[in-house]
Every structure is written in structure tokens, then in C-alpha cells.
Amino acid sequence: MRAIALRTEVPGPRSRALMARREAAVPRGPFHATPVFVAEAHGALLTDVDGNRLLDFAGGIGCLNVGHTSDEVVRAASAQLGRLTHGCFHVTPYEGYVRLAERLNAVVPGDFPKKTMFLNSGAEAVENAVKIARAATGRPAVLAFEDGFHGRTLLALSLTSKVHPYKEGFGPFAPEVYRAPYAYCYRCAYRLQYPSCDLACVDALEEFFKRYVEARQVAAVVVEPVLGEGGFVVPPVEFLPRLRELTARHGILLIADEVQTGFGRTGKMWAVEHAGVVPDLLVAAKSIAGGLPLSSVTGRAELMDAPGVGGLGGTFGGNPVSLAAAEAVLDLMSDGSLLARAERIGRVVSERAEGWRKRFPLVGDVRGLGAMWALELVKDPSSRVPAKEETAAVARRCYESGLVTITAGTWGNVIRTLMPLTIGDDELHEGLDVLEGALASVAQR
Ligand SMILES: Cc1ncc(COP(=O)(O)O)c(C=O)c1O
């Protein structure tokens with residue numbers, strides 16, 4: 001049986017009517033990857049308000065590694081709803097918070113005592129990681145990377161690289177945030193080639209500390225192990241170890257932003273494990289609670305304890321229902337089968353995507369790790385001029401045919417895959433067939 005079943009054109013009449021109401025009632029700022037209003041979802045399937053069944057390669061931007069409305073997550077969250085929906089950890093603490101902290105302390109890399117705190121969103125967790133790093137080191141500066149994304153609140157937005165549309169009109173930004181090129185080999189800032197470059201982008205940081213900010217003033221380097229919104233850029237495997245070496249040499253903390261890469265997306269629980277790197281602080285969110293809002297900062301116990309009592313927190317951080325859902329997610333991940341599934345998805349996607357790269361000059365680069373694969377579309381392979389309009393056209397043709405995808409990249413020219421890891425092989429191939437058809441039709445225009 002085919003997964004995709006369309007009863008109307010997409011978007012259908014009900015979605016279009018809702019969009020008109022949305023335009024009147026909601027500001028234009030909150031964007032949409034598709035104009036399709038969803039009514040319900042399970043696994044990797046979405047049902048829209050017109051009764052169309054669509055396949056989901058976006059997972060609400062990578063939040064549904066265990067699938068939509070996973071039975072285990074729904075059961076755990078529903079049971080918790082009837083017991084305690086909110087206590088506020090700062091008023092009357094509850095065991096669920098402590099238990100999940102213990103479980104995360106056990107699965108985050110690092111053979112040392114760890115502590116974990118909970119927040120609501122990725123941005124909030126990144127902000128708290130920076131607060132902890134500043135309190136622990138007494139240093140003000142933070143180094144982030146070009147094409148990095150860390151969220152939309154003021155400090156997180158200051159760390160975020162992409163100007164349009166994220167930062168447009170929102171300055172002034174937080175001070176003492178510096179930015180250096182990432183190991184984006186397809187568009188190397190130094191116009192070098194890997195491996196002969198010998199990771200010049202890491203060595204250049206020593207120069208950076210001479211020209212822009214003194215190393216002794218830098219509290220932390222915040223890094224995504226694989227760029228998410230920046231276009232699923234996978235750095236060479238030595239990048240993170242070299243960064244770890246450099247930060248340790250200067251007493252700078254390494255904060256791994258695993259908001260998009262964590263919870264099995266790359267075929268390991270954490271993407272830093274591919275490089276064998278142990279960060280000082282690790283930030284998680286998105287897929288942590290199977291679709292409920294929750295985020296975490298886990299790190300060395302002595303660093304996590306640097307801010308004073310009352311220095312960290314928030315009314316809803318570590319909501320009991322989200323915590324219960326997150327425990328169900330950890331249970332689902334514990335036997336390793338979802339990690340193996342991520343690897344398998346990655347193999348299938350990469351094999352087909354490599355074929356498209358050979359067939360369509362539009363596909364300039366194909367890259368990924370585990371189930372985090374992307375296509376970077378270009379006007380032609382030699383100039384590598386980003387093909388932004390073509391990328392939008394591919395995404396549009398996909399949803400019109402029943403496949404939800406999302407784009408990424410500083411130039412908006414990357415199609416990324418964030419399907420639930422529970423997707424079946426038949427569903428996966430069906431979705432890839434739609435994507436292939438969309439690429440073929442746009443490539444031939
Ligand atoms: C790597 C990374 N960090 C932080 C964030 C911000 O997370 P949130 O949207 O939950 O604030 C995102 C969101 O896409 C992300 O991909």
C-alpha cells in the first residue's frame with residue numbers, strides 16, 4: 001500500500017481557508033515550509049485538514065526521531081498529565097527531573113561527574129550553556145561559527161550566523177560574540193582543499209586570537225558537530241578533535257550544540273561520538289521528548305555548579321509531562337535499534353542521492369552523517385552558484401506530490417532530510433521517489 005494518498009490538490013481547500021485566517025490573525029514573521037495545515041500524525045505519516053495523507057521528511061524540524069505520536073511517548077505523557085502537569089522545579093521539586101538528569105548524565109560522553117538542567121527550547125539551553133561557561137571561567141567572550149545556527153532569542157541569535165531573515169532588523173546584538181569559518185569544505189572560506197588544507201580553519205583560530213579576541217578572554221567555543229540550519233555540513237572527522245585540543249590548550253570550554261544532531265539522528269546518540277570528542281557542556285533539545293518541548297544542558301559537575309543558587313532556571317523548565325515523554329524516548333533508544341535504523345536510512349538516502357548528483361548538474365553536493373543527509377543545489381557544478389529558487393521549487397513540487405521536506409543553508413539552497421527514524425523502507429523509497437521526480441522536473445526546466 002502506498003503511504004501517500006491525496007484526495008485533493010495540496011494545499012487543499014481547507015488548508016487554503018485556514019491560511020487566509022492565519023494571515024489575518026498571525027503576524028507574517030513565523031514562517032511555514034509548506035502551506036499545508038496538519039490535523040494528525042503517526043509515525044512518518046501526516047494527515048492534513050483536507051484528508052490527504054502525506055509522508056514526512058521533516059519531523060517538525062528534527063523533533064520526531066522516534067516518530068509522531070509514538071505509542072510509548074503518548075502513554076508516558078498521558079499518564080503524567082493526570083498526575084502532575086506543573087509544579088515548577090523551583091517551588092516544589094519532583095523526582096522526574098532528577099531521574100532524567102541522572103539518565104542524561106549517564107549517556108552524555110565524559111568519564112567524569114556530570115550534572116544536567118532542563119529548559120524549554122534549544123535557544124534557551126544554548127543561552128544557559130553560555131551563562132554557565134561565563135560563570136565558570138570568569139571570561140566574557142564566546143566564539144561561534146559562520147553558517148552556525150543556535151536559536152532566535154537575543155544571545156542565541158547573536159551566536160547565529162545567517163543574517164536574512166533571522167537577524168534582519170533585530171540589532172543591537174549581544175556583545176562579545178565572535179565568529180570564525182566552519183569546516184565547510186564545499187565552500188571553503190580559505191579556498192583550500194581537504195585533506196591537503198590540513199584543517200587550516202582550525203589553525204586559523206590561533207591567528208584569530210591575535211587579531212580579534214584574546215584567547216584568555218574566551219569562555220567557550222560553541223559548535224554544532226554537523227551544521228543543521230547551515231545546510232547539514234559535515235566537517236572532516238579531525239575537525240572536532242583539533243578544536244577540542246585547541247580549546248583545552250587555552251582553557252576555553254567546548255560547548256557541543258547537539259540540538260539537531262542529538263538523540264540518534266546521526267546514527268549515534270550524539271554526533272560528537274563519531275569524532276570521539278568529549279565536550280565540557282552538551283546542549284540537547286528537539287527530539288529529546290518525542291515532540292514535546294524540552295531542552296537540556298549537561299556538563300562537568302563543577303562547571304554546572306558555577307552559577308550561584310537561583311542563577312539558573314525558569315518557570316516551565318523541566319515540565320513533568322515533557323520529562324516523562326523524554327524518559328520514554330530514552331527507553332526507546334536504549335537497545336540501539338533506532339541508531340542502527342538511522343545508519344540504514346543514511347545508506348539508502350546517500351546511495352540514491354549520489355545517483356542524483358551524477359544525473360542532475362543541479363545537485364552540486366551530497367553529504368550527511370547517519371540519517372542527516374542533504375543535497376546542496378547549484379546553478380552549475382563548476383560555479384557552485386547557489387540555486388535558491390530551484391531549491392524552493394523542488395520543495396514545492398514535493399509537498400504538492402505529498403512529501404513534506406524542508407530546506408536549509410545560508411543561501412537557502414539545501415534540501416535536508418529529517419524523517420522520523422521509525423520510517424519503513426517502503427515509505428522511505430516512496431518519499432525518495434517523490435524527491436527524485438521533483439529534482440528531475442526542476443532540473444529540466
Ligand atoms: C543546532 C541548533 N541549535 C539551536 C536551535 C534552536 O532551537 P529552538 O528552535 O528549540 O530554540 C536549533 C533549531 O533549529 C538548532 O538547530
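Scoring PRO307 on the criteria (1) under 22 Å from GLU127 (Cβ atoms); (2) open to solvent by less than 50 Å² (accessible area, probe 1.4 Å); (3) without any contact (Cβ under 8 Å) to a residue 60 or more places away in the chain leaves a single failure, condition (3). Do we find a residue being closer than 17 Å to VAL142 by Cα and modelled with pLDDT of 95 or more anywhere in segment 182-192? Yes, that holds for at least one residue.
Against the test of being within 12 Å of the ligand (Cβ to nearest atom) and more than 30 Å from GLY364 (Cα to Cα), the options PRO225, PRO279, PRO293 yield a single qualifying residue, PRO293. Set side by side, the residues ALA200, ALA219 differ, and just one is open to solvent by less than 20 Å² (accessible area, probe 1.4 Å), away from the ligand (no atom under 16 Å from the Cβ) and either small (Gly, Ala, Ser) or at pLDDT below 95 (or both), which is ALA219. Would you call GLU354 away from the ligand (no atom under 16 Å from the Cβ), assigned to a helix (DSSP H, G or I), surrounded by fewer than 23 Cβ atoms within 10 Å (Cβ to Cβ) and free of Cβ contacts under 8 Å to residues at least 40 places away in the same chain? So GLU354 passes the test. Listed by first and then second residue, the pairs linking a residue in segment 41-55 that is on the phi > 0 side of the Ramachandran plot to a residue that is among the basic types (Lys, Arg) and at pLDDT 95 or above, with Cβ atoms under 9 Å apart and 6 or more places separating them unless they lie on different chains, are GLY51/ARG7; GLY51/ARG14.
Could you please let me know if VAL366 is within 20 Å of the chain's Cα centre (by Cα) and crowded, with 17+ Cβ neighbours inside 10 Å? Steps first, please.
Values: within 20 Å of the chain's Cα centre (by Cα): yes; crowded, with 17+ Cβ neighbours inside 10 Å: yes.
So VAL366 passes the test.
Of everything in segment 419-445, what is of a type outside the set (A, V, I, L, M) and open to solvent by 20 Å² or more (accessible area, probe 1.4 Å)? Give them in sequence order. Matches in segment 419-445: THR422, GLY424, ASP425, ASP426, GLU427, HIS429, ASP433, GLU436, GLY437, SER441, GLN444, ARG445. Scanning segment 108-157 for residues that are touching a Ser or Thr at 6+ places or on another chain (Cβ under 8 Å), within 16 Å of the ligand (Cβ to nearest atom) and either modelled with pLDDT under 95 or not in a loop (DSSP other than H, G, I, E, B) (or both) yields MET117, PHE118, LEU119, GLY122, ALA123, GLU124, ALA125, GLU127, ALA144, PHE145. Would you please list the contacts, defined by Cβ atoms under 9 Å and residues six or more apart or on different chains, that run from a residue in segment 333-349 that is in a helix (DSSP H, G or I) to a residue that is open to solvent by 50 Å² or more (accessible area, probe 1.4 Å) and among the polar types (S, T, N, Q)? Here the result reads LEU338/THR422; ARG341/THR422, each pair linking segment 333-349 to a residue that is open to solvent by 50 Å² or more (accessible area, probe 1.4 Å) and among the polar types (S, T, N, Q).
The values are calculated or read from the model by the stated rules, or taken from the named source; none is laboratory data. Predicted model, so just to flag it, every value in this text is computed and none were measured. Every residue, glycine among them, receives a Cβ derived from its backbone with ideal geometry; neighbour counts consider all protein chains shown. The area values use the complete protein model at the heavy-atom level, side chains included, leaving out ligands, DNA and RNA. Shrake-Rupley method; radii C 1.70, N 1.55, O 1.52, S 1.80 Å.
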